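Below: one structure, written as structure tokens.
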Amino acid sequence: MNTQAPPLTGPRLPAKSGVVKQLVVFLHGYGADGKDLIDIGKQWQKLLPDAAFVSPNAPQPCAGSPMGRQWFPLTMRDPDERWIGAVAARPGLDVFLDAELAAAGLDDSKLALVGFSQGTMMALHAGLRRKRAPAAIIGFSGVLVGPEHLAEATARNAKGETPPILLVHGSADEVIPVEALFGSAQQLAEGGIPAQWHLSAGVGHGIDGGGLMHGGMFLAKAFGVPIPERRAA
């Protein structure tokens, strides 16, 4: 009997320029789906006109949100469930990323992973374990899973460097407390993986305009895309 999970699918945006030079993959949070993040691509298209955006639906239906999806279950009863779940979900995500890159004629040096909440857990877990490091990883309102396993996070770019990472969190996050931002950044640093971070003051479990701006600028820099100069009024 074939028990292989069906391939991931989800909404996408083509490159505004018509020529794909980068790929940005959004990984949504627990109980949402690909539609939850794809519109961020519309806001970043001005900065990244050559980027294609895709936002796959997580592989499992979500028990806590019947209309939503999950990368792995969250019962809060097992302290190891995040690690176990991320490990189980990673192979399917890697297959998806490999297929998307191949279809676009790109490699990991032109890939960015952008996660939210549970999607951040997956972006960090999978991105740091790719055969080659992606151009960037952005994690909104999430947390690093399994910091004790960072020795296996061996993804490096052509220069032997770890992927650039930006962590963004709301100071008033009621779901994943802001302490997760500082803890994750410290754990990554202790594992030899530097990360930048941005704190959105007064923001809950969500993404504000400042966080989106920082994310877009971070990707442009990681991809080597010139940032348009602001003209004086």
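Determine ³J(HN,Hα), in whole Hz, for all residues of the range 139-154 in sequence, where each value follows from phi through the Karplus function 6.51 cos²θ - 1.76 cosθ + 1.60 and θ = phi - 60°; x replaces Gly and Pro.
Taking θ as phi minus 60°, the curve returns x, 9, 6, x, 7, 6, 9, x, x, 5, 9, 5, 4, 8, 7, 9 Hz for the range 139-154.
Can you list the HN-Hα couplings for the range 83-97, worked out from phi with the Karplus curve (6.51, -1.76, 1.60; θ = phi - 60°), rounded to whole Hz and with x for Gly and Pro?
5, 4, x, 5, 4, 5, 7, 4, x, x, 5, 4, 4, 4, 4
Could you name the lysines in cross-link range of K221, using Cα to Cα under 17 Å and dropping any fewer than eight places away on the same chain?
K21, K46, K110, K159
Could you give the length gained by full extension between V95 and M67, i.e. 0.36 nm per residue of separation minus their alpha carbon distance, to one decimal place? Don't jump to the answer; show the numbers that get you there.
Values: separation 28, 0.36 × 28 = 10.08 nm, distance 2.46 nm.
7.6 nm is the gain from fully extending V95 to M67.
Give the cross-link partners of K131 among the aspartates and glutamates, using a straight C-alpha distance below 14 Å as the criterion and excluding same-chain residues fewer than 8 apart.
D94, D98, D107, D108, E152, E161
So in the range 12-223, what percent of DSSP beta bridges are antiparallel if you round to the nearest 5?
20 percent
With every atom except the alpha carbons ignored, what do you get for Rg and Dmax of the range 12-223, in angstroms?
That works out to 15.7, 48 Å for Rg and Dmax.
Hey, fewest Cβ within 10 Å first, where do T75, T154, T120 land in order?
Working: T75 8, T154 12, T120 29.
If I rank by nearby Cβ atoms, fewest first, I get T75, T154, T120.
Given H placed on each backbone N at 1.01 Å, which residues far from G10 in sequence or on other chains put an amide H within less than 5 Å of it?
N57
Step through the residues of the range 127-138 one at a time and calculate ³J(HN,Hα) from phi using the Karplus curve (6.51 cos²θ - 1.76 cosθ + 1.60, θ = phi - 60°), rounding each to whole Hz and writing x for Gly and Pro.
x, 7, 10, 5, 4, 10, 5, x, 5, 6, 10, 10
For the range 12-223, what is the charge dipole size about the Cα centre, in debye to the nearest 20, if Lys and Arg each add +1 at the Cβ and Asp and Glu each add -1 at the Cβ?
Values: 18 positive and 20 negative charges, 153 e Å.
Here the range 12-223 has a charge dipole of around 740 debye.
Read the figures in this text as sums done on the coordinates, not as results from a lab. Please read all numbers here as calculations on a predicted model, not as lab measurements. Please note: Cβ atoms are built from the backbone with ideal geometry, for glycine as well, and neighbour counts cover all protein chains shown.
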